[in-house]
Amino acid sequence: MGEAGHMTPGHGPIAVVGAGSVGSVTAWWLARCGARVVWIAPHQDLGPERPGSLAALGVLMGYCSRRLRGRSWRLRRASIALWHQWLPLLGPIPRQWGLTVLCHQPDDGEGLRTLVRQRQGEGFPLAWRTREDLLTRWPALAATDLQGGLWSPQDGQLDPAPLLTALAEGAEHLGVQRWSAQVTGLTPDGRDWRLRLQTSDPGLPTTLPASAVVLCTGLGTGRLLAAPDSPVQLNWPMTSVLGQAAALHCPMLPPPGLPGPVIWRGVHLIPRPQHQQLWIGATVEPGDQSWAHYLDRMLQLDGAAPPWLRQARVLRRWQGVRARPVGRPAPLLAILAPGLLLTSGHYRNGILLAPATAAWTACQLGFPLPDGLTELPGDGSGS
């Protein structure tokens, strides 16, 4: 995905483009590194410009990922470590540490127990919980084919909306200028770049000179680089994948509820502070239009939902479109040209991988690794 290498920013600001979790964390982290940052990001209340991260559930599947090596595992491992390090700097964001992945197939159980042994050998505190242990503590997990579950205490869940608000406030405190604008063009300007902007704010200019540009715009990246006058053509197309989620009231949910965030037959269940309420999501649907049957199948756990879940009432629904690279592993981390970085196509893992992506970006721009990291979390090769 382009060659990794370090670039020294010039005298202009670094432009970070994108209002979602990746753009938010990148703008905040570059400012903490001492960079002068202009963050081009429409605000969250602009209807169709709402970032896709607000449609996410914020589940962090890092150490419980079945990836044992390669770039994906390094990105996940680095991101979980960085979230634990960075969240105290951002304030009281609602979070839940500890993630349970339920197992319903005997063959799958052996694979998960092997993963537990592998991670424990590497010093990561995963554990296997038996069926009896789970049902004794949490009767709500009852299912005839339950084999047990993987417990990952350092994985978990972050609430997306408060997270994005805290990042925006933290970035502003660090001097980041946030411009509510759309980038409609991008041209080289000597060793720098010039961005053409469209905005309804009369106080903002229509162009921005920048020493470096970081594109964190998901599907918008392809549209921007596909323009006839674009100096760089994106060689790795991205496709849209829609996800649906819902908030539920579950009056039949037996106490004490769930052990925290749970992955049940691939569906995410997130306990909420309100009594007997849950978030559930997200579907994986091709395209950008939602379909009722996908939501219904998810709500019923594909026909295997326990009675308390079948009787739950939907309080509200939401959806969002994610960008998934075609023919390349997610995410795309690339240097498209000197001073032009692409960090996009995170698919369903934008919130999870945002810290490692920001650290990779900062390293390419000449800033040091965050404390505690000994290697670059992404090597730009796509391997």
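So the values come out like this:
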quantity	calculated
Residue that is surrounded by the most Cβ atoms within 10 Å (Cβ to Cβ), among those in the stretch 215-247 that are β-branched (Val, Ile, Thr) and over 15 Å from Ala181 (Cα atoms)	Val241
Candidates Leu30, Leu90, Leu60, filtered to the one that is under 15 Å from the mean Cα position of the chain (by Cα), open to solvent by less than 30 Å² (accessible area, probe 1.4 Å) and at pLDDT 95 or above	Leu60
Scope the stretch 86-135; condition on the phi > 0 side of the Ramachandran plot and without any contact (Cβ under 8 Å) to a residue 60 or more places away in the chain; matching residues	Gly123
Qualifying positions in the stretch 136-158 - open to solvent by 10 Å² or more (accessible area, probe 1.4 Å), of a type in the set (D, E, K, R) and either at pLDDT 95 or above or at positive phi (or both)	Arg137
Selection within the stretch 149-184 - among the small types (Gly, Ala, Ser) and either under 26 Å from Arg129 (Cα atoms) or touching a helix residue (DSSP H, G or I) at 6+ places or on another chain (Cβ under 8 Å) (or both)	Gly149, Ser152, Gly156, Ala161, Ala166, Ala168, Gly170, Ala171, Gly175
Yes/no for Thr283 being of a type in the set (Ser, Thr, Tyr), part of a loop (DSSP other than H, G, I, E, B) and open to solvent by less than 20 Å² (accessible area, probe 1.4 Å)	yes
Strands (runs of 3 or more DSSP E) within the stretch 195-273 that include 1 or more residues out of contact with any Gly (no Cβ under 7 Å at 6 or more places or on another chain) and within 22 Å of Thr26 (Cα to Cα)	207-210, 212-215
Residue within the stretch 275-292 that is on the phi > 0 side of the Ramachandran plot and of a type in the set (S, T, N, Q) present	yes
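The values are calculated or read from the model by the stated rules, or taken from the named source; none is laboratory data. These numbers come from a predicted model, not from an experiment. Using ideal geometry, Cβ is built from the backbone for each residue, glycine included, and neighbour counts are taken over all protein chains shown. The area values use the complete protein model at the heavy-atom level, side chains included, leaving out ligands, DNA and RNA. Shrake-Rupley method; radii C 1.70, N 1.55, O 1.52, S 1.80 Å.
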